[in-house]
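A.B. asks: Got a structure for you, written out below as structure tokens; questions coming shortly.
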Amino acid sequence: MKNLFRLQDLTNEEIMQLIYDAKDFKEGKSNFNLNGKIIANLFFENSTRTQYSFNVAEEKLGMKVITFNAQSSSLNKGETFYDTIKVFESFLIDGLVIRHSQDEYYKELTGLNIPIINAGDGKKDHPSQCLLDLYTIYEEFGYFEGLKVCIIGDIKHSRVAHSNIEVMTRLGMKCYTSGPLEYKEDIYEYIDFEECLSQMDIIMLLRVQNERHSSKMTLSNDEYFARYGLTKKRVEKMKDHAIIMHPAPFNRGVEIASDVVECDKSRIFKQMTNGVFCRQAILKRSFEE
Ligand code: CP
């Protein structure tokens, strides 16, 4: 039984093995299956990509899938998060995929005897997103060492930035951040947005995580777009081989212009496709004997 709370907890070799396994799934070279195993997807926070791509990955592996609806559950009768998870453990099913708005929610669950895959905890970590970002970069370039990435936007509240910067740096990439100073984190190297465009191999945009803010952003959406929005004009400054990534959901006309979302350099929908294969690889790691 293997949990996955943070991709940072894995060695570089283990991360590369997940990438190779995801590649095998994508290329139809793996017969691995989890026929008959039952998994529950417990999303206590909104999700489209992560929830449903785990669902597709589980179905592709032959698993039986239970989808939990937080809005219609006994959470509304006062049942706690911990007790809700204990309910699913009591059903003797084979595993849980959990997203929750609380940072490191899994620390409450250490005594449970069921594999847990973290589908995002608060502003801390998002291991399956980190893996699909790495996979998409590896598929594009074939290596990590020396690649330059700038993550632009609400760094402070982004679990994607926090997971990615640590793992990407460990794999030899040079990571920068940019965007509004109110969302900057001093532990990361900051670079001017206009300056970064011509220097990076990967421009990774983030959404402003309004739902995690205690006070409103000082910039209006229009001001944000004028200062940090990736427009066609700004894309023209990027290197010929450079790519655009975004974990999504994206807000058109705020961090990205509508006509950039599907431009030649954008890998945004490819990231979503790769997410299914990466999540198959993660499930394989959790359940293989
Ligand atoms: N990238 C991501 O986690 O998207 P969802 O919130 O839709 O799952």
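A.B. asks: Rolling a 1.4 Å sphere over the protein heavy atoms, what is the accessible area per residue of the chain, to the nearest Å²?
C.D. replies: Details: 12710 Å² over 289 residues.
It amounts to 44 Å² per residue over the chain.
A.B. asks: Given the pairs LYS29/LYS64; LYS29/LYS156; LYS60/LYS232; LYS2/LYS123; LYS124/LYS284, which are separated by over 32 angstrom at their Cα positions? Can you show the working numbers first?
C.D. replies: Details: LYS29/LYS64 22 Å; LYS29/LYS156 39 Å; LYS60/LYS232 37 Å; LYS2/LYS123 23 Å; LYS124/LYS284 24 Å.
Table pairs above 32 Å Cα-Cα are LYS29/LYS156; LYS60/LYS232.
A.B. asks: For ILE243, list long-range residues whose amide hydrogen, built 1.01 Å from N in the peptide plane, is under 5 Å from its own amide hydrogen.
C.D. replies: Amide H to amide H, under 5 Å and 5 or more residues apart or across chains, ILE243 pairs with ILE202, ILE203.
A.B. asks: Could you give the nm distance between label points at LYS60 and LYS232, where each point is 7 Å from its Cα heading toward the beta carbon?
C.D. replies: The two pseudo-label positions are separated by 3.4 nm.
A.B. asks: How many nm separate the modelled label positions at HIS241 and SER90, each set 7 Å beyond the Cα in the direction of the Cβ?
C.D. replies: 5.7
A.B. asks: Still on this structure, I have one more. What are the residues whose amide H is under 5 Å from the amide H of LEU4, where those residues sit 5 or more places off or on another chain and H is modelled from the backbone?
C.D. replies: Correct list: ILE116, ILE117, ASN118.
A.B. asks: Hey, how much of the P(r) for the chain falls beyond 33 Å, as a percent of Cα pairs?
C.D. replies: Working: 9498 of 41616 pairs.
I get 23 percent for the Cα pairs in the chain exceeding 33 Å.
A.B. asks: For a Förster distance of 25 Å, can you work out the FRET efficiency between the beta-carbons of LYS107 and ASP186, rounded to the nearest 0.05? Mind showing how you got there, number by number?
C.D. replies: Numbers: r = 26 Å, r/R0 = 1.02.
Efficiency at R0 = 25 Å is approximately 0.45.
A.B. asks: OK, next. Fully extended, how many nm does the chain gain between SER74 and ASP222 (0.36 nm per residue separation, minus their Cα-Cα distance)?
C.D. replies: Values: separation 148, 0.36 × 148 = 53.28 nm, distance 4.09 nm.
Gain in length upon complete extension: 49.2 nm.
A.B. asks: Here's something else I'd like to know. Out of the total accessible area of the chain (probe 1.4 Å, heavy atoms of protein only), what percent is carbon and sulfur? Let's see the in-between values first.
C.D. replies: Details: 5950 of 12710 Å².
Whole-percent figure for carbon plus sulfur exposure: 47.
A.B. asks: Another question, then. What residues qualify as long-range amide H neighbours of LYS174, i.e. H under 5 Å apart, gap of 5 or more or another chain, H built at 1.01 Å from N?
C.D. replies: The list, which skips near neighbours in sequence, is GLY146, LEU147, LYS148, VAL149.
A.B. asks: Moving on to the next point. Add +1 for every Lys or Arg and -1 for every Asp or Glu among the other residues with Cβ under 14 Å from the Cβ of TYR82, and state the total.
C.D. replies: Values: positive: LYS86, LYS107; negative: GLU79, ASP83, GLU89, GLU104, GLU108.
Around TYR82, the charge tally is -3.
A.B. asks: Just how large is the dipole of segment 127-267 about the Cα centre, in debye to the nearest 20, putting +1 at every Lys and Arg Cβ and -1 at every Asp and Glu Cβ? It would help to have the intermediate numbers written out before the result.
C.D. replies: On the way: 18 positive and 23 negative charges, 37 e Å.
The calculated dipole for segment 127-267 is roughly 180 debye.
A.B. asks: Looking only at the chain, where both bridge partners belong to it, what percent of the DSSP beta bridges are antiparallel (to the nearest 5)? Working shown, then result.
C.D. replies: On the way: 1 of 31 bridges.
In the chain, DSSP labels about 5 percent of beta bridges as antiparallel.
A.B. asks: Compute the length gained on full extension between CYS263 and ASP83: take 0.36 nm times their separation in residues and subtract their Cα-Cα distance, giving the result in nm to one decimal. Spell out each step's value before the answer.
C.D. replies: Values: separation 180, 0.36 × 180 = 64.80 nm, distance 4.62 nm.
So the chain would gain 60.2 nm between CYS263 and ASP83.
A.B. asks: Could you list the GluC sites (Glu not before Pro) in segment 166-261 that lie in coil according to DSSP, counting only those with at most 15 other Cβ atoms within 10 Å of their Cβ? Write out the running numbers ahead of the final one.
C.D. replies: Working: sites: GLU166, GLU182, GLU185, GLU189, GLU194, GLU195, GLU211, GLU223, GLU236, GLU255; in loops: GLU185, GLU189, GLU236, GLU255.
Qualifying residues, ordered by number: GLU185, GLU189, GLU236.
A.B. asks: Let me know the shape class of segment 127-267, please: from the alpha-carbon gyration tensor, a ≥ b ≥ c as square roots of the eigenvalues, rounded when a/c is under 1.5, otherwise prolate if a/b is greater than b/c, or oblate.
C.D. replies: On the way: a/c = 1.57, a/b = 1.21, b/c = 1.31.
Verdict is oblate for segment 127-267.
A.B. asks: Give the residue list of trypsin sites (Lys or Arg not before Pro) in segment 121-222 that are DSSP loop and have at most 12 other beta-carbon atoms within 10 angstrom. Before the final figure, lay out the partial values.
C.D. replies: Details: sites: LYS123, LYS124, LYS148, LYS156, ARG159, ARG170, LYS174, LYS184, ARG207, ARG212, LYS216; in loops: LYS123, LYS124, LYS156, LYS184, ARG207, LYS216.
Passing sites in segment 121-222 are LYS216.
A.B. asks: Can you give the longest run of the chain that contains no chymotrypsin sites (Phe, Trp or Tyr not before Pro) sitting in a DSSP loop with at most 13 other Cβ atoms inside 10 Å?
C.D. replies: Working: sites that count: PHE91, TYR143.
It works out to 144-289.
A.B. asks: For the chain, what are the DSSP H helices with axial Cα length of 20 Å or more and mean Kyte-Doolittle hydropathy of at least 0.0?
C.D. replies: Values: long enough: 12-26 (21 Å, -0.72); 127-141 (21 Å, 0.10); 268-287 (29 Å, 0.12).
Both cut-offs are met by 127-141, 268-287.
A.B. asks: Shifting gears a bit: How many angstrom lie between the Cα centre of segment 226-279 and the Cα centre of segment 65-139?
C.D. replies: Taking the Cα centre of each part, segment 226-279 and segment 65-139 sit 28 Å apart.
A.B. asks: Now for a separate question. Compute all pairwise cysteine Cβ distances in the chain, then list the cysteines with no distance under 4.7 Å to another cysteine.
C.D. replies: Taking the Cβ cut-off of 4.7 Å, the unpaired cysteines of the chain are CYS130, CYS175, CYS263, CYS278.
The values are calculated or read from the model by the stated rules, or taken from the named source; none is laboratory data. Here the structure is a predicted model, which is why all the values come from computation and not from measurement. Note that we place each Cβ from the backbone using ideal geometry, even for glycine, and neighbour counts take in every protein chain shown. In case anyone asks, the SASA skips ligands and DNA or RNA and just uses the protein heavy atoms, side chains included. Shrake-Rupley method; radii C 1.70, N 1.55, O 1.52, S 1.80 Å.
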